[in-house]
Number of protein chains: 2
Amino acid sequence: MAGVQVLLGLLCLSSAQAGKLLVVPMDGSHWIGMKPVVQELGKRGHQVVVVIPEVSMTLGSSEHTTTITYPVPYTEEEMYESFKAGMAKIISQNIVTELDKLQNFILLLDIVGEVSVRNCESLLFNKTLMQKLKDWDFDAVLTDPFDPTGAIIAEHFSIPSIFMQVNLACGVDFPATQCPSPASYVPQRYTFYTDQMSLWQRTVNLMRTFLQPMACRHLYTQADEIASRFLRRETSMVEIMSHAALWLMRFDFVFEFPRAVMPNMVMIGGISAAKPKALPTDLEEFVNGSGEHGFIVFTLGSMVSELPEVKAKEFFDAFRQIPQRVLWRYTGVVPKDAPKNVKLMKWLPQNDLLAHPKAKAFITHGGTHGLYEGICNGVPMVMIPLFGDQGDNVQRMVARGVAETLNIYDITSEKLLVALRKVIHDKSYKEKMMKLSAIHRDRPIEPLDLAVFWTEFVMRHKGADHLRPAAHDLNWVQYHSLDVIGFLLLILVTVMFVTFKSCMFCFRRCLRKSQKKKNE
Amino acid sequence: MAGVQVLLGLLCLSSAQAGKLLVVPMDGSHWIGMKPVVQELGKRGHQVVVVIPEVSMTLGSSEHTTTITYPVPYTEEEMYESFKAGMAKIISQNIVTELDKLQNFILLLDIVGEVSVRNCESLLFNKTLMQKLKDWDFDAVLTDPFDPTGAIIAEHFSIPSIFMQVNLACGVDFPATQCPSPASYVPQRYTFYTDQMSLWQRTVNLMRTFLQPMACRHLYTQADEIASRFLRRETSMVEIMSHAALWLMRFDFVFEFPRAVMPNMVMIGGISAAKPKALPTDLEEFVNGSGEHGFIVFTLGSMVSELPEVKAKEFFDAFRQIPQRVLWRYTGVVPKDAPKNVKLMKWLPQNDLLAHPKAKAFITHGGTHGLYEGICNGVPMVMIPLFGDQGDNVQRMVARGVAETLNIYDITSEKLLVALRKVIHDKSYKEKMMKLSAIHRDRPIEPLDLAVFWTEFVMRHKGADHLRPAAHDLNWVQYHSLDVIGFLLLILVTVMFVTFKSCMFCFRRCLRKSQKKKNE
C-alpha cells in the first residue's frame, strides 16, 4: 500500500508542478475570454508569457503574467481609423441585399485579417524575440486560432498548442479537428439557418459544405503563404491547426445546436460571464428609479458606440414611448429632445446591469460575451446583428424563443417598439430564458476551471495524443471510404467479367460441340 | 443585487431538492459499475428504488436505496446451469475457426438475452408492481440498455431515461444516439480491428457498418416484439433507445480509440476502480514473500473460475517455471504437483492486489472492470479474451503496447511464459502503462461524481432536451442528404434537358430557314 501512496503523491506533485506557457492572444473581444484563464494560470504558479503587438485595442498586461510587446508597422490611429471606417460603411447603409451583406462581411474580415497578418509577420520574423521565446523552452502554447501567429509558433517550436476559439471564419475548425458535421442538421456558419432546415435550406447548406474548403483556402491565402515561408515547407493553416492538442470551444449547448464533438474539444461557453458586482451608487439609483417597469440595457459591442444621426433618432423615438428606463452605451450625436428615461454612457457595466433584478430586456448586437451574460442572468433580448458570427448567434437565440431580431439596415422606432414590448410583456420569453439560464448554470465544473485544468493537462503530459482521432492520418478519399467503394466495385466488375467470360466460353464450347455433331 | 442572490439561492435549493429515481439494472458485472452511483444518489437524499428479479447472479440490495424484487419463471440453479454449460462449451474447445468464434459469441448472447427477455416480460406484465411503480411518479429512470426492460418502462411512463452502458451488442448505441462513426477509422465491435486499418480491414469494416442495422434487428427481435406488445404500437428497441435523455458511457479515451461523441454522452470510464484498501494479513504476507520478483494476479472474471484440467495444467506448468508468485482465482481441479508459488483462491481482492507495488503482471480475460483497475494501477497485462466485447478490449490494450494477448483455444505453457516474461521484463510495457495510468487519473472530476451529477441534472430538469441533436428528426435518406442530392440531380437534368431542347429548336429553325433559302 505504501507504494500506491507514494505514486499518488508523485501524481499530485506533478499536477502542482509549475510549467511554462506561451500565450499568443487575439485582439478585440476575443481577449476578454482568454484573459481570466491566463491570469488564473499565472496565479497558480506557472510562468505565463503573453506576447502582444505594441498597438492593439484591448490587449495589455494582465495579472500574474509577463507581457512582452513587439513592434508593428502601423500606428494606433491608423488601426482605429481603418476599423471605424469599415464599421461606419456597414452601419450607415440603408437598404442592403444579401450580396451587400456578404460584401460587408468580407470587408470586415479583410480589415481584421490584414491586422492579423501584419502582426503575424512582425512577430515571426523578429529574430531576437523569436530566439528569446525559443530559449524559454515552453511546455505549451495557448492561442486564439483566429490569429494564425500562435499556431505557427507552436508548429515551429514543436510544442503542443491549445486553441481557444469562438467562431472561426469559414468553419475551419471542422476540417482541422476532423469533426463530422452532417449538412442535414449542422448549419454552416453565415447561412443563418437553424438545425431544422427545409429541403431548400439543406440544399444550400450542402453546397456550402462542399464550398467550405475553397472558402478556407481563400481566407487563409496570406497566412498560408507566411506559414510556408517561415516554416520553409509547403503548408497551410488547416494543416497546422490540425496539430492542435486541444480545442477550448467557447460555446455551450444552451446556445449551440446539439451536434457531434471530438474528444479533444472542451466546451467552455460562458467563461467570461463573471460573478456580478454591486453597481456604482448613481447607476443603482437610476435603475431603481425605474420602478416596476424596470430598465433596458443597450449596447452594440465594444466596436460600435456611435450611430448615424438618422438611425440614432429611431432609437430615441422608440425609447420616448416606453415606461422603462434605458442605459445605452452611446458616444454619438445626442438630439436636443433626447428623452429623460435614457442614460447615455461611454461604457457600462453590462454584466452587473444584466444581473440586476429590474433588468427587463437587453438590446444587443449578439456578440458571444454579451449573449452568455444575457443567458446567465436570464434577460430576454432584442438582437441587432451587425457582422461576423452575430447573425448566426442571433438565429440561435431566436430559435429558442428568448429573443427577437431586428435589421440595422431598415430599423424604425415602430419595429423596435414592437420587438421590445414583445420580449418584455410576452411572458414566454422570460420563462424560456430563465429555463435556459438554469440549465446553463447547472454544470459540474465552471468553464474557467475546465479551461485551466485542460491547459495544465497539456502542459503536464506534453500534449493530449490519446484524444487525437486516427482520422488525421487519412486523406479525404480514405476518410470517406471512397477507395473501399472503388475496391468493392473492382471486385464486382472482375467477378461479373469472369462470370461472363466463363459463360461465353461454355456457350461457345457447347455451340462447337453441337455444330460438330451436326457436321458428323 | 439582492435579486441575483435570491435567484442563485433558488438554484442551489433546486440542486439539493430530493428526487425520485427508478433503477432497472442489468445482472452480472454490469451491476458493479452502476451500484456505486445508485448508492451515492440514495446517500444524497434521493428516493432511489431498484427493481430486480428474484433470481440473479450479482444483483441485490444496496445501501440508501429501496430494493423491490419481482418473480421470474426460472430458478437460480437453472440460470447457473445454463451459463456454466455455455461457458464450458466455449472454453473446452481446442481449435476454433472464426466461424466457431462467431457461433460461441451468438451462443452466449442468446443465453444472456434469454434471461433478459424473461425478466423483461415478468416485470412489464406484472400489473400490480407496474401500477406501484407508476404511483411512485419517478423523475427519471436509470438503466442499463443491455437489458431492454428499463428503457421500455421509461417509454411507457413517459419519464426521461439515463442509460449507463459498456459495449452494446451490435453497436446499437451509434444509431440510437445518432453518433457519426466513419467506417474508415472507427472499428465496428467484434471486428477486433484498431483505428489504423488496412484497405482490406476498412472494406470489412464498411460492410459490417452496412450490416449493423440487420444485426440489431436480429438481436432485438424478441425485445422488439415485447415492446410493441406492451406499448401497443409498432416500435423497436432502437427507436425506444433513441429517446434516452443521457448516455453514461463506461469508457475513457486512454482505452477507447478517439472518435466523435454526442453532447448527451458523458464518459465515465473507470467508475468502478475504487480506492485500494489494505490487504488481509495472509495475503499481504504471501505477496511480500515474493521478494524482488513480485507477483502476478490471475482471474478470468466472475463467470469463469474453473478450467478443463488439460488447460489448467498448461497454466500450472508455466507458473512452476517463473520466480514470481501467483494469485489465481480458481475453483477447478488442483493437480497433486501444483507449484508452491501459486495461491488458489475462490475470490480475490483484485483492485487491492493490483494496487500493491509488487504487482508485476495481470492475467485477465479483458472485462472492463479489471481492465480499468489494471490501467489505474499501472499493471501490464497478459490478456486471454473469452467472449463478448473482450476481444475488442484486448485489441485496444495491445495496440497501446501495454499488453500481450493469448488465445484460450491453443494456449500452452510455453506461449504463456513468453508473454509473461515479455510484459514483466520488457520495460516498455510498464512505462507505457504508467503513462496511461497517469493520463487516466488526471481528470477534472471523478467519474462517479460526473455520473451522479448528470443523473441529478436529468431529474432536476426533467430531461436534457438541449443536448438532443436534430438528427433524430430526420430519416436515413434525409440524414445522408440523399434527397438533396436527388433534388440537385433533378435540377441538373432539367437544365440539361431544357438546354438541349432549346438548342434543338434553334438548330431546326436555322435548318428550316436555310432550306427555305435553298428552295427560293
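The values are calculated or read from the model by the stated rules, or taken from the named source; none is laboratory data. Small disclaimer: the values here were computed from a predicted structure and weren't measured. No Cβ is skipped: glycine too gets one built from the backbone with ideal geometry, and neighbour counts run over all protein chains shown. The protein model used for the area step is the full one, side chains on, heavy atoms only, and it has no ligands, DNA or RNA in it. Shrake-Rupley method; radii C 1.70, N 1.55, O 1.52, S 1.80 Å.
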For this session: Using only Cα atoms, locate the centre of the range B:272-289 and the centre of the range B:50-104, then give the distance between them in Å, rounded to an integer.
Result: 29
Exercise. Dipole of the protein assembly as shown, Cα-centred, from +1 at each Lys and Arg C-beta and -1 at each Asp and Glu C-beta, to the nearest 20 debye?
Worked result: 3280
Problem set entry | Cβ charges +1 (Lys, Arg) and -1 (Asp, Glu), total dipole of the range B:338-444, debye | 420
For this session: Give the nm distances, rounded to one decimal, from A:Ser228 to the matching residue in every other copy, measuring between label points 7 Å along Cα toward the beta carbon; shortest first.
Result: 6.0
For this session: Using only Cα atoms, tell me the angle between helix B:309-320 and the longest principal axis of chain B; keep it within 0 to 90° and round to the nearest 10.
Result: 70
For this session: Just name one of A:Ser413, A:Pro145, A:Ser481: the one whose Cα is farthest towards the positive end of the charge dipole of the protein assembly as shown (beta-carbon charges, Lys/Arg +1, Asp/Glu -1).
Result: A:Ser481
Problem set entry | Reciprocal mean inverse distance between Cα atoms of chain B - Kirkwood radius, Å | 25.9
Problem set entry | Anisotropy class of the range B:320-436 from Cα gyration tensor, a/c 1.5 cut | rounded
Problem set entry | Assigned charges on the beta-carbon of Lys, Arg, Asp, Glu; the range B:96-226 dipole about Cα centre (debye) | 260
For this session: Return one number: the angle in degrees, 0 to 90 and rounded to the nearest 10, between the long axis of the Cα atoms of helix B:447-461 and the longest principal axis of the Cα atoms of chain B.
Result: 50
For this session: Can you send over the solvent-accessible area of A:Phe500, 1.4 Å probe, protein chains only, in Å² to the nearest 10?
Result: 120
Problem set entry | Long-range amide H partners of A:Met164 with built H, under 5 Å | A:Thr143, A:Asp144, A:Leu248
Problem set entry | Heavy-atom accessible area ranking, 1.4 Å probe, most first, across B:Ser437, B:Ser158, B:Ser305 | B:Ser158, B:Ser305, B:Ser437
For this session: Per residue of the range B:422-433, in order, report the coupling 6.51 cos²θ - 1.76 cosθ + 1.60 (Karplus, θ = phi - 60°) as ³J(HN,Hα) in whole Hz, putting x for Gly and Pro.
Result: 5, 6, 8, 9, 7, 4, 4, 4, 5, 4, 5, 5
For this session: Using R₀ = 60 Å, calculate the FRET efficiency as 1/(1 + (r/R₀)^6) where r is the Cβ-Cβ separation of B:Met207 and A:Lys422; round to 0.05.
Result: 0.65
Exercise. So what's the angle, to the nearest 10 degrees on a 0 to 90 scale, between helix B:390-399 and the longest Cα principal axis of chain B?
Worked result: 90
Exercise. For B:Ser305, what charge total do you get from the other residues with a beta carbon under 10 Å from its beta carbon, if Lys and Arg give +1 and Asp and Glu give -1?
Worked result: +1
Seminar exercise, completed: Measure of exposure for B:Lys517: accessible area at 1.4 Å probe, Å² rounded to 10, is 150
Exercise. What is the local net charge at A:His461, summed over the other residues whose Cβ is closer than 15 Å to its Cβ (Lys, Arg +1; Asp, Glu -1)?
Worked result: +3
For this session: Go through A:His243, B:His46 and list them by solvent-accessible area, largest first, probe radius 1.4 Å.
Result: A:His243, B:His46
For this session: Return the sequence-ordered ³J(HN,Hα) values of the range B:40-46 in whole Hz as given by the Karplus equation 6.51 cos²θ - 1.76 cosθ + 1.60 applied to θ = phi - 60°, using x for Gly and Pro.
Result: 5, 5, x, 4, 7, x, 7
Seminar exercise, completed: For B:Arg443 and B:Glu234, extending 7 Å from Cα along the Cα-Cβ vector and measuring point to point gives, in nm, a value of 4.3
Exercise. If you bin every alpha carbon distance in the range A:86-150 into 5 Å steps from zero, what whole percent lands in each bin?
Worked result: 4, 14, 17, 16, 13, 10, 8, 7, 6, 4, 1
Exercise. Where the label is 7 Å out from Cα toward Cβ, how close does B:Cys503 come to the same position in every other copy, in nm, shortest first?
Worked result: 3.6
Exercise. Using the scaling law 2.2 N^0.38 Å as the reference, what is the normalised Cα Rg of the protein assembly as shown?
Worked result: 1.08
For this session: Please report, largest first and rounded to whole Å, the three semi-axes of the ellipsoid equivalent to the range B:314-382, where each semi-axis is the square root of five times an eigenvalue of the C-alpha gyration tensor.
Result: 22, 13, 11
Seminar exercise, completed: What the 10 Å binned alpha carbon P(r) of the range A:31-165 shows, as percent of pairs per bin from 0, is 10, 36, 32, 15, 6, 0
For this session: Just report the Cα centroid separation between the range B:353-390 and the range B:248-268, whole Å.
Result: 20
Exercise. Along the charge dipole of the protein assembly as shown, Cβ charges K/R +1 and D/E -1, which of A:Ala361, B:Asn393, B:Ser437 sits furthest on the positive end?
Worked result: B:Asn393
Exercise. At B:Thr281 and A:Phe497, where each label point lies 7 Å from the Cα along Cα→Cβ, what is the point-to-point distance in nanometres?
Worked result: 8.0
For this session: Mind checking which of B:Val49, B:Val72, B:Thr97 is farthest towards the positive end of the range B:27-114's charge dipole, using Cβ charges of +1 (Lys, Arg) and -1 (Asp, Glu) about the Cα centre?
Result: B:Val49
Seminar exercise, completed: Restricting to Cα pairs under 8 Å and 6 or more apart, the percent relative contact order of chain B works out to 14
Exercise. What is the Cα centroid distance between the range A:205-247 and the range B:429-445, reported in whole angstrom?
Worked result: 33
Exercise. Quick one: net charge of B:Asp195's neighbours, Cβ under 12 Å, K/R +1, D/E -1?
Worked result: +2
